[in-house]
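Here's the structure, in structure tokens; my notes come after.
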Amino acid sequence: MNNYREWTKEEAKRTFLFDRWGSGYFDVNANGHLCVHPEKENSIGIDINEVIEEMKEQKIASPAVIRFQDVLRSRVIDLNETFSNAIAEANYSGKYIGVYPIKVNQMREVVEEILEAGKPYNMGLEAGSKAELMCVLAYNRNPEALTILNGYKDNEYLRLALLGRKVGRKVLVVIEKMTELERLLELSEKYKVRPLIGLRTKLSIKCAGKWADSGGERAKFGLTTTELIQAVEILEKRNFMDCTKLLHFHLGSQITDIRNVKDAISEGARVYSKLVKMGVPLEYMDVGGGLGVDYDGTHSTNESSINYGNKEYASDVVWGIKQICEDENVPCPNIVSESGRAITAHHSCVITKVIGSIKTAQTDFETTKAEGEHNLVKQMRDVVSELKKENFNEVYNDAIKIKDDSISAFNLGVINLVEKAKIETLYWQATQKIDEMVDQLEFPSDDLSNLQDSLTSQYLCNFSVFQSAADSWAIGQLLPIMPIKRLNEKPNVWCSIADITCDSDGKIDHFINLEEEAKNIPLHELNPDEDYYVGIFLTGAYQDVMGDMHNLFGRLNEVHVYKDGDEGDFYIEEVIPGGKIRDVLSTMQYSPEFLSYRVKRIIDKEIADGNIRPREGVKWVDFYDQCLEEYTYLKT
Ligand SMILES: *Cc1c(COP(=O)(O)O)cnc(C)c1O
């Protein structure tokens with residue numbers, strides 16, 4: 001327990017890489033606490049531990065989502081300014097107009113903040129479904145901003161788009177399929193509204209990464225070259241050519257390699273130029289989403305990383321389009337991008353308390369020789385007692401063999417539980433010592449490096465992976481995870497994270513690392529008299545909204561934090577209570593009132609039968625009702 005060692009900030013950085021994945025928004029202060037710097041380096045950070053303390057004071061239970069609204073603003077401004085700068089540098093004749101695809105995080109407060117911060121830039125919104133469009137129609141009130149509509153569309157979806165046109169919004173219907181075009185033109189004629197039309201093209205380039213299938217010829221969305229030409233013919237014939245303003249493509253999310261962006265821009269800009277030459281009056285080229293986030297901090301083409309930054313992305317988009325348009329001698333379009341992940345990922349994190357550890361390596365069982373004990377126990381004791389630097393490999397192999405034998409022996413009824421426990425204890429005691437010896441080796445064999453994994457603990461955290469880190473479970477996405485404080489103290493417990501669902505998949509056992517994905521991270525020894533919180537970071541994109549209610553663990557409590565001056569002060573502007581047990585039961589079609597009534601009837605019967613005293617029965621009924629109002633997570 002007492003191997004406390006002071007740790008420098010540099011060591012903390014090397015271990016948790018927050019200077020690499022944090023894009024300047026995260027740092028450790030003199031107290032060893034993790035801080036958020038909404039203005040990047042040149043401000044005093046908001047101490048996350050202080051936010052947690054404030055939450056405790058306000059009786060807001062963890063696990064919780066903390067949103068740093070200022071970080072969200074900063075991301076919006078940063079993207080827009082970066083594009084403006086790239087446009088100025090390239091002396092580009094078009095403008096940049098961003099739209100935020102709300103599927104990435106539809107939370108009202110997120111959308112409002114983005115619109116507010118994006119107002120000077122006429123930032124708009126993108127919808128991909130009817131429900132999203134209904135939201136966007138009400139929220140995108142700036143007549144200069146764009147509303148881009150993707151996804152498959154039925155007639156109601158198209159008619160809602162026409163409603164947007166009717167009230168003077170720049171609503172662009174992006175045609176994903178030829179049948180949509182037919183129906184859009186019909187409805188436009190019927191309701192006598194001139195639509196704004198976009199055409200989505202399938203590019204032949206396909207990029208690496210987890211979302212590769214969004215691009216390429218077999219992509220789900222978009223028109224093939226033949227269909228593009230047919231669409232133009234139809235638009236011409238039906239007199240809608242003047243409405244056709246935008247060319248759209250989307251390669252997929254989290255493009256890891258900037259070369260894919262460059263290639264897509266070249267291909268897309270060619271398509272744009274050729275269409276313009278065919279007489280289509282395009283004004284916008286929409287390069288879709290895909291601007292990635294460096295989750296693992298490696299600045300590489302790893303699936304959870306990117307080998308470029310916002311600046312390089314913007315500059316490659318702008319220069320790439322300019323070059324092709326000059327070559328083709330057509331005017332440069334206004335550039336639209338639909339970056340969602342890069343805007344929202346950084347602003348929110350999940351805070352969860354470690355509520356215990358699950359240790360495989362039990363070492364404190366009494367192993368002294370007993371009268372008549374089985375020979376296997378003696379063998380293990382003898383082997384282990386011979387352990388020294390010169391023979392640890394041999395001892396390790398022998399110990400594994402005896403442990404395996406003991407399992408067979410136990411299953412055959414030859415050894416008893418106490419003997420089995422002794423053998424295991426001796427085994428773990430030895431492996432721990434071997435582990436220390438292995439640590440000093442420069443090139444341990446694979447066998448021996450696996451040993452470290454077998455010795456690690458699982459830290460049990462009060463949250464659900466399925467609700468709060470869905471992509472970590474579903475697609476093996478890496479998210480940075482680290483403690484909130486004690487970062488001036490060397491963490492020396494290697495562990496993975498287990499959640500509180502009853503699902504063995506409910507764990508996180510892949511972590512960011514500069515070399516190769518790690519199965520464990522170092523966390524601190526738990527102090528009995530101190531709460532220990534772990535943060536899961538960069539959860540603002542997709543994770544925040546995609547989670548499910550596995551085991552009926554519901555949505556998390558949320559606090560929205562704003563900075564207050566430049567001294568690290570902050571205030572919690574809004575608290576959104578997470579799901580109560582009553583809420584999650586209701587979504588599964590149970591009536592909480594009926595459940596309560598049923599349980600009361602059951603208790604009443606026991607009272608009538610004389611098994612429970614009436615006074616006690618009332619208390620049990622009250623207790624059940626009270627629990628319906630509780631948070632779904634553990635009360636700790
Ligand atoms: C999902 C999606 C986006 C958002 O992509 P990010 O990689 O999160 O920026 C943009 N456009 C379309 C068409 C999408 O489907």
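About its Cα centre, the dipole of region 199-329 is roughly 320 debye, where the only charges are +1 on Lys and Arg Cβ and -1 on Asp and Glu Cβ.
Rounded to 0.05, the FRET efficiency of the residue 505 and residue 622 pair, given R0 = 35 Å and the Cβ-Cβ distance, is 0.45.
Using θ = phi - 60° in the Karplus curve 6.51 cos²θ - 1.76 cosθ + 1.60, the 3J(HN,Hα) couplings for region 617-628 round to x, 4, 5, 5, 4, 4, 4, 4, 4, 4, 5, 4 Hz; x is entered for Gly and Pro. A straight Cα-to-Cα reach below 16 Å connects residue 59 with the lysines 353, 580, 635, residues fewer than 8 places away in its own chain not being considered.
Between the amide H of residue 244 and those of 197, distances stay under 5 Å, these residues lying 5 or more places away or on another chain, with hydrogens modeled in the peptide plane.
Shape analysis of region 494-587 based on the Cα gyration tensor places the equivalent ellipsoid semi-axes at 25, 24, 15 Å, largest first. Entry note, region 70-346: relative contact order of 20 percent, from Cα contacts under 8 Å with a spacing of 6+ residues. Between the listed residues 135, 335, 234, the Cα displaced farthest toward the positive end of the dipole of region 70-346, a dipole computed from Cβ unit charges relative to the Cα centre, is found at 234. By the helix-only formula, in which each DSSP H run with n ≥ 4 contributes -39500 (n - 2.57) and the sum is divided by residues, the chain has a 222 nm mean residue ellipticity of -13000 deg cm²/dmol.
The angle between the Cα long axis of helix 130-139 and the main principal axis of the chain comes to about 70°, on a 0 to 90 degree scale. Charge tally around residue 605: other residues with Cβ under 15 Å, Lys/Arg +1 each, Asp/Glu -1 each, net 0. Separation of region 458-519 from region 525-567 is 13 Å, based on Cα centroids. Each pair of Cα atoms in region 375-452 enters the Kirkwood radius, and Stokes-Einstein at 37 °C and 0.692 mPa s then converts it into a translational diffusion coefficient of 255 µm²/s. Considering only 37, 120, 412, and ranking their Cα positions along the charge dipole of the chain that arises from unit charges at the beta-carbon of Lys, Arg, Asp and Glu, the one farthest toward the positive end is 120.
Give the relative contact order (percent, whole number) for the chain; include only Cα pairs under 8 Å separated by 6+ residues.
Result for the chain is 16 percent.
Model label sites at residue 134 and residue 14, defined 7 Å from Cα along the beta-carbon direction, differ in position by 5.6 nm.
For region 583-628, the Kirkwood estimate of the hydrodynamic radius, built from every pair of different alpha carbons, is 11.1 Å. Note on residue 629 and residue 397: their simple-model spin labels are 6.6 nm apart, each label 7 Å out from Cα toward Cβ.
For the cross-link pairs 369/507; 56/130; 103/177, which exceed 30 Å when the distance is taken from alpha carbon to alpha carbon? Pairs exceeding 30 Å: 369/507; 56/130. Ordered by the count of other Cβ atoms within 10 Å of each Cβ, fewest first, 57, 156, 39 give 57, 156, 39. For a modelled paramagnetic label at residue 239, 7 Å from Cα along Cα-to-Cβ, the residues of region 154-187 in reach, with backbone nitrogen under 15 Å, are 185-187.
Working from Cα positions, state the angle (0 to 90°, nearest 10) between the long axis of helix 69-90 and the longest principal axis of the chain. Between the helix axis and the principal axis of the chain, the angle is about 50 degrees. Sparse packing (at most 12 other Cβ atoms within 10 Å of the Cβ) combined with a DSSP loop state is found for the following GluC sites (Glu not before Pro) in region 397-474: 442. Sequentially through region 574-589, phi angles give Karplus couplings (6.51, -1.76, 1.60; θ = phi - 60°) of 9, 10, 10, x, x, x, 8, 4, 4, 5, 5, 5, 4, 5, 9, 6 Hz, Gly and Pro residues having no value and appearing as x. Taking 4 °C and 1.567 mPa s as conditions, region 261-336 diffuses translationally at an estimated 97 µm²/s according to Stokes-Einstein applied to its Kirkwood radius (Cα pairs). Note that region 244-390, at 25 °C in a medium of 0.890 mPa s, gets a Stokes-Einstein diffusion coefficient of 121 µm²/s from its Kirkwood radius over C-alpha pairs. Stretching the chain fully between residue 192 and residue 283 yields a gain of 30.5 nm (0.36 nm per residue, less the alpha carbon separation).
Using Cβ contacts closer than 10 Å as the measure, can you line up 627, 495, 502 from fewest to most?
502, 627, 495
What you get for the chain, charging only the Cβ of Lys and Arg (+1) and of Asp and Glu (-1), is a dipole of about 2620 debye around the Cα centre. Seen against the Cα atoms of the chain and their longest principal axis, helix 592-608 is set at about 30 degrees.
Would you give the gap between the C-alpha center of region 41-79 and the C-alpha center of region 288-335, rounded to a whole Å? What the calculation gives is 30 Å, centre to centre. For residue 148, the residues whose amide H sits under 5 Å from its own are 125, 126, 127, 172, ignoring neighbours fewer than 5 places away on the same chain, with H placed 1.01 Å from N.
Residues in region 442-453 carry Karplus couplings, in order, of 7, 10, x, 6, 4, 3, 6, 6, 5, 4, 4, 4 Hz; the curve used is 6.51 cos²θ - 1.76 cosθ + 1.60 with θ = phi - 60°, and Gly or Pro positions show x. Counting Cα-Cα pairs of the chain in 10 Å increments starting at 0 gives whole-percent bin shares of 3, 14, 21, 20, 17, 13, 8, 4, 1, 0. Taking label positions 7 Å along the Cα-Cβ direction at both residue 386 and residue 218, the computed distance is 5.8 nm, reported to one decimal.
Taking Lys and Arg as +1 and Asp and Glu as -1, the other residues whose beta-carbon sits under 14 Å from that of residue 226 total 0. Candidates 479, 443, 464 compared by Cα position along the dipole of region 414-486: farthest toward the positive end lies 464, with charges placed on Cβ.
Take every pair of alpha-carbon atoms less than 8 Å apart whose residues are at least six positions apart; their mean separation over the length of region 375-452 yields a relative contact order of 33 percent.
Just so you know, all these numbers are worked out from the coordinates, no wet-lab data involved. These numbers come from a predicted model, not from an experiment. Reconstructed Cβ throughout: ideal geometry from the backbone, glycine too, with neighbour counts over all protein chains shown.
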